[in-house]
Amino acid sequence: MQEKLKQLKKEAEEKIASAVNLDEIEKLRVEYLGKKGDLTKILKDMGRLSNEERPIIGKLGNEVREMITTAINEKKEAVRQVILDKKLEAETIDVTMPGTEYKIGKKHIISRMIDEVTEIFMGMGFSIAEGPEIETVRNNFDALNAPKDHPSRDMSDTFYITEDILLRTQTSPVQIRTMEAAVKTGDLPLKIIVPGRCFRSDSPDATHSPMFHQIEVLVVGKDITFAEFKGTMETFVRKLFGPETKTKFRPHNFPFTEPSAEIDVSCFKCGGKGCSVCKGEGWIEILGAGMVHPNVLRNCGIDPDEYSGFAAGMGVERLGMLKYGIDDIRLMFENDARFLDQF
Ligand code: DAH
């Protein structure tokens, strides 16, 4: 029996040593240590042994079992390690390989222009206000003192939703909303800058788009004079186009301002000599503006004898086109990254 056990031990050692995967090891475990395994079989026969032999064989049997158990566990661990090593090797990351390039977009010129302009005004103490793109005819026209027969009110010029509701044609209705809200909450005086999207029934061409952006400026307070108006606009223009830029206030007509002006700036490209940007004029028109019409103040519940103000409105696309030398407004809305990435 002793011989049998020694033989079994030797055989098991060899087989375990040559096993190469976990399945094989498991089979060997069952073969030697299982209920019907070889070792169990041998030990079952111990009953037939003499009293002297039994403890010796019993001890040897336990040693053999322990040895096989340890060998199997160690082999299992070793095989697992090999599998893990292989896996790690296969999954090695070469950190020196060039990565996949992700294309990161950039701010659209329109957003950039809006940021630039609003930042200049915020630096002068203005806060940003916003209003809805779907407006009432009252806020977009009536309260802004636009007479009923004003050409911009025409069906062919404006997108009406109903008789009383339209897509705003300008950011000026936010003047009405802000003034009325300020009267209610007692928040006068006010200084706001209003960027936003506007709509007009224009056929797209190089200088027209049915959807475009404006930035509105509004100041209302006591003792706001033409001097404040001029000083603020000149400061803005110099910050946007450079300290040498000159301004020209050219008389104009808007229903919501009196007096009204269009503001021209000396051409930032040629400095006023005349070039392709200013079309030989030396001056470029950049915005409409004026002193808030007393009727507009009255329409919002503000006493024009007590309060006055000034307002301005500018086209964002136009500013961007001038600044970056873009000759077709449609390019801004085609979302062609080859175009947009240039700015
Ligand atoms: N809303 C005018 C337009 O769309 C621009 C404008 C002119 C706004 C004069 C103003 C202003 O606030 O005072 O053409």
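Packing-based ranking of 171-180, 138-147 yields 171-180, 138-147, ordered from highest to lowest mean Cβ neighbour count within 10 Å. Kirkwood analysis of the chain, using all unique Cα-Cα pairs, places the hydrodynamic radius at 27.0 Å. With the convex hull drawn around the C-alpha atoms of region 276-340, the volume per residue stands at 133 Å³. Cα centroid separation, region 152-175 to region 203-280: 23 Å. Across the options 79, 235, 283, the greatest Cα extent toward the positive end of the charge dipole of the chain (unit charges at beta carbon of Lys, Arg, Asp, Glu) belongs to 79. In the calculated pair distance distribution of region 1-158, what percentage of Cα-Cα distances lie above 25 Å? Tail of P(r) above 25 Å: 67 percent of Cα pairs. Taking label points 7 Å from Cα along the Cα-to-Cβ direction, residue 202 and residue 341 give a separation of 3.0 nm. Taking the C-alpha atoms only, the angle from helix 173-185 to the longest principal axis of the chain is near 90 degrees. Split the accessible area of the chain by element, probe 1.4 Å, and carbon with sulfur accounts for 53%. Remark: region 2-90 carries 71 Å² of accessible area per residue (probe radius 1.4 Å; ligands, DNA and RNA excluded). Students often get this wrong, so check it: of 106/248; 9/36; 10/76, which have C-alpha atoms separated by over 23 Å? Violating the 23 Å Cα-Cα cut-off are 106/248. If you take the square roots of the eigenvalues of the alpha-carbon gyration tensor of region 220-343 and sort them as a ≥ b ≥ c, do you get rounded (a/c under 1.5), prolate (a/b over b/c) or oblate? In terms of gyration-tensor shape, prolate. Using a cutoff of 8 angstrom between alpha carbon atoms and counting only pairs six or more residues apart, the relative contact order for the chain works out to 14 percent. The peptide list 272-283, 92-103, 112-123, put in order of mean Cβ contacts within 10 Å with the highest first, becomes 112-123, 272-283, 92-103.
Between the helical axis of 226-241 and the longest alpha-carbon principal axis of the chain there is an angle of about 40 degrees.
The angle between the Cα long axis of helix 53-90 and the main principal axis of the chain comes to about 30°, on a 0 to 90 degree scale.
Over region 2-90, Cα pairs under 8 Å with separation of 6+ residues give a relative contact order of 37 percent.
Accessible surface computed residue by residue for region 109-340, with neighbouring protein chains in place and a 1.4 Å probe, gives 47 Å² per residue.
The values are calculated or read from the model by the stated rules, or taken from the named source; none is laboratory data. Note that this is a predicted model, so its numbers are computed, not measured. Heads up, the Cβs are rebuilt from the backbone with ideal geometry, glycines too, and the neighbour counts pull from every protein chain shown. We work out accessible area using only protein heavy atoms, side chains counted, and drop any ligands, DNA or RNA first. Shrake-Rupley method; radii C 1.70, N 1.55, O 1.52, S 1.80 Å.
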